[in-house]
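The structure appears below as structure tokens.
Every number in this text was worked out from the coordinates using simple rules, so none of it is lab data. Computed from a predicted structure; not experimentally measured. Because the Cβ atoms are built from the backbone with ideal geometry, glycine has one as well, and the counts that use them run over all protein chains shown.
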Amino acid sequence: MAPLLAVGITATLVPALAPAQASAAPRQQVSAAPRQQASTATSLRRFAHQRPAWRRCDASRSAAFQCATVEVPLDYGRPGARTIKLAVSRVRTAVPGKRRGVLLFNPGGPGGAGLDMPPVMKDALPEKVREQYDLIGFDPRGVGRSSPVTCGLSTADENIEHPYHRATFSHDVKWARTVADKCRARNGDRLRYITTRNTARDMDVIRTVLGERKLSYLGYSYGTYLGAVYAQMFPGRTDRFVLDSSVDPARAWRGMIQVWAEGAEPAFARWTKWTTRHHRTYKLGGTPAAVRKTFWDLVARADRTPVDYDGRKLTGDDIRVSLRAQFFSPEYAAQVVADLKRSAAGHAAHHREATPDSPRGPHPFATAAARPPADNETAVFWTVVCGDTAAWPRDPERYRRDAVRDRAKYPLYGDFGSNITPCAFWGRPAEPVTKVDTAVGLLTVQNQWDPQTPLVSGLGMHHALKGSRMVYVEGGEGHGVYAGDPRACADRTVNAYLSDGRLPVRDVTCEVSGDQRPGLNQRVVPAPGHTPQAPRF
């Protein structure tokens with residue numbers, strides 16, 4: 001291992017800590033600020049001197065898959081106070097003489113565990129990329145094996161999608177307040193420090209402990225926002241960064257829940273057109289208007305009499321929330337709606353198994369001792385999205401008005417996306433949200449029909465990152481693009497960037513023809529401008 005450079009963590013972390021340090025210092029002791037900064041730098045330096053005790057992660061796994069713990073401050077503004085431990089993993093694939101450094105992964109979330117990503121990605125990455133990097137995973141703070149957060153939530157508490165109805169809104173407000181109260185009661189002041197900015201600082205501690213001058217990174221979904229925040233905070237330490245299926249940093253975080261509603265409407269319109277062309281197969285309508293009527297008649301019928309489907313009684317709200325993401329894959333959605341229609345009419349239907357909308361990534365270790373609390377992912381989700389920004393409204397009436405407005409504007413999901421959340425009753429953030437506008441060169445990757453981070457979101461990230469290039473998969477369906485397929489145009493572009501570090505001279509559009517599966521046999525088409533145009537309907 002390369003010598004640990006204590007100066008590295010101090011030089012990069014201390015400037016980013018300015019807001020936290022300023023708030024921690026008494027206002028009347030302005031002259032003491034330089035001494036305080038020097039003390040903070042000294043306290044941070046000890047984290048750079050850690051030597052991780054690498055060991056086999058699990059007896060059932062390859063010995064090459066190694067795990068260790070790294071200690072970091074809970075509050076980077078007071079690094080001499082409380083600390084937490086992060087679970088970090090590695091698979092050493094770099095070849096001497098070809099080694100460039102480390103490639104760190106994040107699978108998404110907030111709340112997704114990343115410890116298993118190195119062996120998963122080892123099988124996806126081409127040899128030319130593997131030879132240059134040791135592969136690094138970690139569970140972000142509060143997640144999985146990294147000092148996990150729990151709020152003691154019940155199964156009902158964990159249901160985050162609530163339709164708006166006048167008669168049930170008071171219950172929604174009570175749910176939101178209950179979740180916030182439970183999280184506060186279980187975690188106290190610790191919640192303030194489970195944030196994206198602090199996770200980015202943790203990434204820089206990991207970089208330093210590993211003895212690396214720079215960090216390369218591949219992040220999916222929420223991992224794109226985390227990667228962008230790191231690049232904003234530590235531009236000089238940002239090497240080759242790939243952000244796949246991006247969160248729009250200008251919408252963090254209420255706007256990213258609302259964008260699910262905005263993105264679903266064009267997907268629904270596309271589905272009605274596709275289903276019209278396949279009327280003989282699905283019998284849902286011979287025109288887009290007829291298909292649309294079939295669906296909304298089904299929703300209304302289910303609201304009157306729930307539909308028995310796979311042993312569940314589905315209301316119209318259940319159908320809306322379940323099918324929002326499925327409309328981005330028209331064939332699958334058409335089959336489900338046809339099955340629901342048959343079930344509503346009292347006929348047996350062939351129910352298709354749900355297909356994942358993204359490559360399945362890492363999972364927490366299966367041993368009982370390593371399992372995080374049952375509500376860990378939900379608890380971290382709310383802790384991060386509520387704690388990253390002060391932009392959440394505090395008045396329940398604002399949520400009610402927005403839900404009414406957005407149900408009219410985005411009928412499929414608008415009221416779900418704008419209804420009240422626990423963030424209305426959360427504590428104030430420890431520091432301001434990160435404004436992302438860095439000119440660091442990096443690569444973003446985006447499917448046209450992504451249900452979780454719709455195209456408008458991916459374009460928002462691309463515009464915010466002034467030095468980025470985008471790989472846009474026209475016709476691409478699903479959440480998550482890069483999956484290691486050497487035939488896929490997007491994967492070829494990502495692999496070339498990770499291998500040689502050269503961004504494309506302009507944005508790249510990968511086209512998918514109608515008879516091709518998304519992600520396969522795509523061809524590179526130079527985009528006409530700096531940014532791919534959004535689809536027109």
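Going by amide H atoms built from the backbone, whose H comes under 5 Å of the H on Ser468, apart from near neighbours?
When sequence neighbours closer than 5 places are left aside, the close amide H contacts are Leu442.
Sorting check: for 145-152, 316-323, which peptide has the highest mean count of neighbouring beta carbons within 10 Å, and how do the rest follow?
145-152, 316-323
Say the cut-off is 18 Å between C-alpha atoms; which of Lys283/Lys341; Lys313/Lys341; Lys293/Lys341; Lys98/Lys128; Lys313/Lys409; Lys273/Lys293 go over it?
Distance filter (> 18 Å) returns Lys313/Lys409.
Could you give the semi-axes, largest first, of the ellipsoid that matches segment 255-344, computed as the square roots of 5 times the alpha carbon gyration tensor eigenvalues and rounded to whole Å?
19, 18, 11
Per-residue HN-Hα couplings for segment 294-306, Karplus 6.51 cos²θ - 1.76 cosθ + 1.60 at θ = phi - 60°, whole Hz, x for Gly and Pro?
Once θ is set to phi - 60°, the couplings for segment 294-306 become 4, 5, 6, 5, 5, 4, 5, 5, 5, 5, 7, 9, x Hz.
Place a point 7 Å from Cα of Ala391 in the direction of its Cβ. Which residues in segment 434-472 have their backbone N less than 18 Å from it?
Once the point is set 7 Å along Cα→Cβ of Ala391, 434-438, 453-466 turn out to lie under 18 Å by backbone N, inside segment 434-472.
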